[in-house]
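The values are calculated or read from the model by the stated rules, or taken from the named source; none is laboratory data. Keep in mind the model is a prediction, meaning the values are calculated, not measured. Note: ideal-geometry Cβ built from the backbone for every residue, glycine included; neighbour counts use all protein chains shown. Ligands, DNA and RNA are excluded from the accessible area calculation, which covers all protein heavy atoms including side chains. Shrake-Rupley method; radii C 1.70, N 1.55, O 1.52, S 1.80 Å.
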Amino acid sequence: MDAYDVAVIGGGPVGMWLAAELHRGGVRPVVLERRAERPPYSKALTIYPRTVEQFAMRGLVDRWLAEGTPVPSSHFALLKNRLDFSFLPTRYPFTLFLPQRRTEELLEEHLAELGVPYLGRHAVTGLRQDETGVDVDVDSPGGPAVVRAAYAVGCDGATSVVRAAAGIDFEGTPDTWRTILGDIELADPPQAPTLTLNQPGGSMYMVAIGGGRYRLAVIDHATLYNPLDKPATFGELRASALRLAGTDFGMRETPDAWLSRVGNAARQAARYRAGRVLLAGDAAHIHYPAGGQGLNLGLQDAANLGWKLAAEIRGWAPPGLLDSYHAERYPVGLDVIDDSLAQCGLIANPTREGVALRDRFNAILGTHPSLRRELAVRLSGLAIRYPPPGQADPAGLAGQRAPDLDLRGSHAASLFGLLTGARFVLLNLGPPAAAPTLQDGFADRLDTVNAELTGDTGEFAGVRAMLIRPDGYIAWATDGDEAPPLGRWLGHAS
């Protein structure tokens, strides 16, 4: 088969978004997917504000907003006192519900527009790496084949073949209990698009997913420790709903109903990179889907990795840039795992002590708005920071996300419009930069823009210049006249 720059193994949302980012970075990816077609069900539904911002930075957000259902709140551990998102400093202060299958279809359509090859029925069975690349063994429709690529990225889920072949440990704990998740039709649904119940006997969450169907998750203390390999049944789901809500909401057992058991395993890859092999998404981390954070975590892995790997392949990456993928994303993955475990401690502890703890924490949420705000910011993804070690930070902004600030005097009306090409942006908000010849040497990877901030500029009011990474995080900012550290981020000038 043809040689590629990157073999992306796994054609789910993480693999497809990574392939799109690699293409935008100027390299040639191929997506290898074992399935012949997508399953009709959707594991994930929830898209949080930072992920919506990622789509906006690439000029694609309208595709998701046109079909998703925005809900201006979320929950922590299914507690009754919900987390309000409306105060968040973003143009998208809401949880966007859209079945994962539809997100995958939108991403596949986008890959087709970009011309990125997506090869279904190509099951990866192993790989070998050497000093110049990776040979990926594939069972293809035409028989066994080998795909040669400079790098390979495993986006192939919790049972990752890539992770095992690379010899990367998957550290953590296995399932000790499981809950039921289902997409079903309801004849007598609740009035609101979402419903959260938290009772002494367990918790339940429900959200409308369109077409008269609802996603229903039950954490029923009476069935937590049923045999882990026992298939979920419609009767079991109905019985749990009756126990927890006093009604089954008119559940209909239709042929297309989907039921699954979800466990509390919590694992993370010991390293996200082993030579020329890297991991992203569920191949790098798994956890109980408390709050629906997994899809967002994986898509943000892809956003962080894509431009760095492209820079390495194109030869301009400064030393250590590709290794910073693990350094930046491993702590974020661990934080989400710990958050999920904390929520599990509140929702899946059937003892008197567990019920008392849940009730007390819910009461604290109700009386402490600052706690609700902190949890909302963390869940939204807007609080993630990548502070560069050892770098001067004149404005105190390096490492945080760049919000979609309104601009005057540039070709784009707001900051996200400058990032559609997935390049670095040097945004001069004062006099033009003093060293244009230096910037000219980075013209293949840097856009220099002179503009003014308009509207409520908040903490950016005194900023004179910012260097913004392709993934929308601030690499450097100043409120003075310092020159930007272009070499640190963009390598040698050409």
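Annotations
- When residues of region 269-290 are limited to those that are open to solvent by 10 Å² or more (accessible area, probe 1.4 Å) and under 17 Å from the mean Cα position of the chain (by Cα), the one nearest to Lys43 (Cα to Cα): Pro289
- Residue check for Ala232: small (Gly, Ala, Ser), at pLDDT below 95 and buried (at least 17 other Cβ atoms within 10 Å of the Cβ): yes
- Residue in region 334-351 that is modelled with the lowest pLDDT, counting only those that are in a helix (DSSP H, G or I) and in contact with a strand residue (DSSP E or B) (Cβ under 8 Å, 6 or more places away or on another chain): Ile347
- Residue match in region 4-12 (condition: on the phi < 0 side of the Ramachandran plot, within 16 Å of the chain's Cα centre (by Cα), of a type outside the set (Val, Ile, Thr) and modelled with pLDDT of 95 or more): yes
- Out of Ser240, Ser260, one residue alone is assigned to a strand (DSSP E or B) and either surrounded by fewer than 17 Cβ atoms within 10 Å (Cβ to Cβ) or of a type outside the set (A, V, I, L, M) (or both). It is Ser260.
- Taken across region 157-173, residues that are buried (at least 18 other Cβ atoms within 10 Å of the Cβ) and farther than 26 Å from Leu22 by Cβ do not occur at all.
- Among the residues of region 263-283, those that are closer than 20 Å to Val14 by Cα and part of a strand (DSSP E or B) comprise Ala266, Arg267, Gln268, Ala269, Arg273, Ala274, Val277, Leu278, Leu279.
- For region 122-139, the criterion of being small (Gly, Ala, Ser), within 30 Å of Cys344 (Cα to Cα) and outside any helix (DSSP H, G or I) is met by none of the residues.
- Test for Ala493: is it open to solvent by 30 Å² or more (accessible area, probe 1.4 Å) and modelled with pLDDT under 95: yes
- Any hit, region 25-43, residues being within 24 Å of Asp404 (Cα to Cα) and modelled with pLDDT of 95 or more: yes
- Residue in region 201-229 that is surrounded by the most Cβ atoms within 10 Å (Cβ to Cβ), counting only those that are β-branched (Val, Ile, Thr) and closer than 16 Å to Asn264 by Cβ: Ile219
- Applying the criterion of being in contact (Cβ under 8 Å) with a residue 24 or more places away in the chain and outside any strand (DSSP E or B) to the residues of region 140-156, the residue that is least open to solvent (accessible area, probe 1.4 Å) is Cys155.
- Positions within region 312-333 being in contact with a helix residue (DSSP H, G or I) (Cβ under 8 Å, 6 or more places away or on another chain) and part of a helix (DSSP H, G or I), in sequence order: Ser324, Tyr325, Glu328, Arg329, Val332, Gly333
Rundown of residues vs (1) among the basic types (Lys, Arg); (2) open to solvent by less than 10 Å² (accessible area, probe 1.4 Å); (3) free of Cβ contacts under 8 Å to residues at least 24 places away in the same chain, yes/no style:
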| position | (1), (2), (3) |
| --- | --- |
| Met16 | no, yes, no |
| Gly26 | no, no, no |
| Leu32 | no, yes, no |
| Pro39 | no, no, no |
| Ser42 | no, yes, no |
| Glu53 | no, yes, no |
| Ser86 | no, no, yes |
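- Of all residues in region 174-200, exactly one satisfies the criterion of being open to solvent by 20 Å² or more (accessible area, probe 1.4 Å), under 23 Å from the mean Cα position of the chain (by Cα) and farther than 30 Å from Ala363 by Cα, namely Pro174.
- Taking every residue in region 355-381 that is more than 12 Å from Leu83 (Cβ to Cβ) and open to solvent by less than 70 Å² (accessible area, probe 1.4 Å) and pairing it with any residue that is of a type in the set (Val, Ile, Thr) and modelled with pLDDT of 95 or more, at least 6 positions away or on another chain, the pairs with Cβ-Cβ distances below 7 Å are Gly381/Thr51.
- Any hit, region 204-216, residues being more than 26 Å from Gly68 (Cβ to Cβ), part of a strand (DSSP E or B), hydroxyl-bearing (Ser, Thr, Tyr) and within 24 Å of the chain's Cα centre (by Cα): no
- Glu253 vs. criteria over 24 Å from the mean Cα position of the chain (by Cα), open to solvent by 40 Å² or more (accessible area, probe 1.4 Å) and modelled with pLDDT of 95 or more: no
- Considering only residues in region 55-72 that are over 24 Å from Gly157 (Cβ atoms) and not hydrophobic (A, V, I, L, M, F, W, C), the one that is least open to solvent (accessible area, probe 1.4 Å) turns out to be Arg58.
- Residue count, region 382-413 (criterion: out of contact with any helix residue (DSSP H, G or I) (no Cβ under 9 Å at 6 or more places or on another chain), part of a strand (DSSP E or B) and open to solvent by less than 30 Å² (accessible area, probe 1.4 Å)): 1
- Test: residue in region 4-14 that is of a type in the set (Gly, Ala, Ser), part of a helix (DSSP H, G or I) and within 20 Å of Val136 (Cα to Cα): no
- Residue within region 15-37 that is within 19 Å of the chain's Cα centre (by Cα), of a type outside the set (Asp, Glu) and closer than 30 Å to Asn198 by Cβ present: no
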